Every structure is written in structure tokens, then in C-alpha cells.
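Here is the structure we will look at.
Since every read-out is calculated from the coordinates, none of them should be taken as a lab result. Worth saying up front: this structure is predicted, and the values here are computed from it rather than measured. Ideal geometry is used to build each Cβ from the backbone, glycine not excepted, and the neighbour counts take in all protein chains shown.
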Amino acid sequence: MDDAQYPGLGERLARVREEIAGAVRDAGRDDDPALIVITKFHPASLVAALAELGVRDVGENRHQEAQAKAAELADLGLRWHFVGQLQSKKARQVAAYAHAIHSIDRVAVIEPLDRLADEGGLAAPVDAFMQINLTRDAGRGGADPDEIEPLAERISASPSLRLRGVMAVAPLNEAPASAFARLAGYSARVRAVDPEASGISAGMTHDFREAIAAGATHLRIGSAITGKRPQAR
Ligand SMILES: *Cc1c(COP(=O)(O)O)cnc(C)c1O
């Protein structure tokens, strides 16, 4: 089947699932984190091959690419997760196909979504993860940790979003375990605002074991499963 087009895809997926199960056991956890396969830069046919292998949640980081693939694969019933930096101008368009947005980091991206909901243009609230910047570089995506409480309150009250929890990318210059420990503390602050918002979206190819140990509930894993990404076009 699709293994001819994407040799090794099924084996890599199975291996990652086993490694996740091992890390969950090692961490003494009895819940299973959700696996979101990040398919950015790969063609829609690879996403279709993943769907055939049982994958239901896929993630993308660029709006135009995500929109095109979601439209092409609309029949597959996949849940699309938007994980890239979100432009406020594009927020409404992203909400048209995204089941979840992992990069809600400022009021400016919430306002257009709320207007859409008020106009009746949204079938259901979109799952929202509040992205938090774990670096000292303000140019990186994510809210400053000082903004956690007011932003969590704002998302919680939003008619367009359902606050699910926090999201972060581990900085390059810090051990993932220490960065994710900080994120777990931020998650507790968000839960103090909204007890339902217990999700932690963290863990990529090179750090998902540490993320699982720190309580990640939503893993965003790309290249360990898809193979090397083609160059950006
Ligand atoms: C690309 C990407 C991932 C997956 O990265 P891999 O290292 O390929 O697993 C996860 N999260 C975000 C926000 C990404 O942009």
C-alpha cells in the first residue's frame, strides 16, 4: 500500500508509539498522551498514508499549507492542529479547518475569532492551547510568563475558544527537562484560573521523553515519524 510510496513510515510510527509507551511507564503515569503527527512541508499524500496507518491528529505550522492539505483531505476526518505562529489577519481562516490552535499567545489573535463566533461563523469553539515563551527572546512565539493569568482568563471567557492548557517549545540552549519543569509550573497557574485547562502540549522528536516525564498530554512529533522534512519551498 502506501508503504511503497513512503517506505518505513509504518515502522517509524510504531517505534515512536512504543517509545511513548515506554516513557509513560518509566514516568509512572497511567494516562496516555495524545500523539499529534506534525506533517509540515510534507505532501498531502504522506498525511493520507498516515491516516491509513490509523493517525487521526495531524499538525501544521503554516496557514496556507495547512489550509490546502485540510481541503484536499477533508474526507479523511482528520483533526488538524495549528502549531505555528498565528497572524491575527489569518486567525479566522485558521479556525475554519483547525480543531485546535496551539499558538494562542496574545489578545490580538483572540479578538478576530470572537467576532467570528459572535457573527455565528463558528460551528464550535476551537480547542486552544496558550503558547508560553520559555526563552528570554521576546521575538520567539509565546506569551511572556508574566501574562499567564490575564491571558488565561481572556481565553477562558472567549466564546470562540475552549482553553485546553499550555503549549511550549523547549529552548535550544537549555536542557529540555528543566524547561519542561518550568512549563509544568505554568500549567499549574493556568489550572488555577481554569481547572479544566489541564493540557500540556509539549514534546517533539528530540525531547518527547523528557516532556512525557514532565506531564505532557499532547505530543507534537514530526520527523521521527515522517522522516526528514523536504526543504521549505
Ligand atoms: C515542526 C514542529 C514540531 C515537530 O518537530 P520535530 O522535531 O520534527 O518532531 C513540533 N512543534 C512545532 C511547533 C513545530 O513547528
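Observations, loosely collected:
- Most positive-pole-ward Cα, S156, H63, A14, against dipole of the chain from beta carbon charges: H63
- The aspartates and glutamates whose alpha-carbon is closer than 16 Å to the alpha-carbon of K90, local same-chain residues fewer than 8 away aside, are E60, E65, D105, E111, D114.
- Rounded to the nearest 20 debye, the dipole magnitude of the stretch 46-182 is 120 debye, with +1 charges on Lys and Arg beta carbons, -1 on Asp and Glu beta carbons, and the Cα centre as origin.
- Relative contact order [Cα under 8 Å, 6+ residues apart], the stretch 174-233, whole percent: 29 percent
- Set of lysines near K89 by C-alpha distance (under 30 Å), chain-local residues within fewer than 8 positions excluded: K40, K69
- Calculated FRET efficiency for the pair D118/E11, C-beta based, R₀ 41 Å, to 0.05: 0.30
- Unit charges at the beta carbon, dipole of the stretch 194-233: most positive-side option, S198, T217, P230: P230
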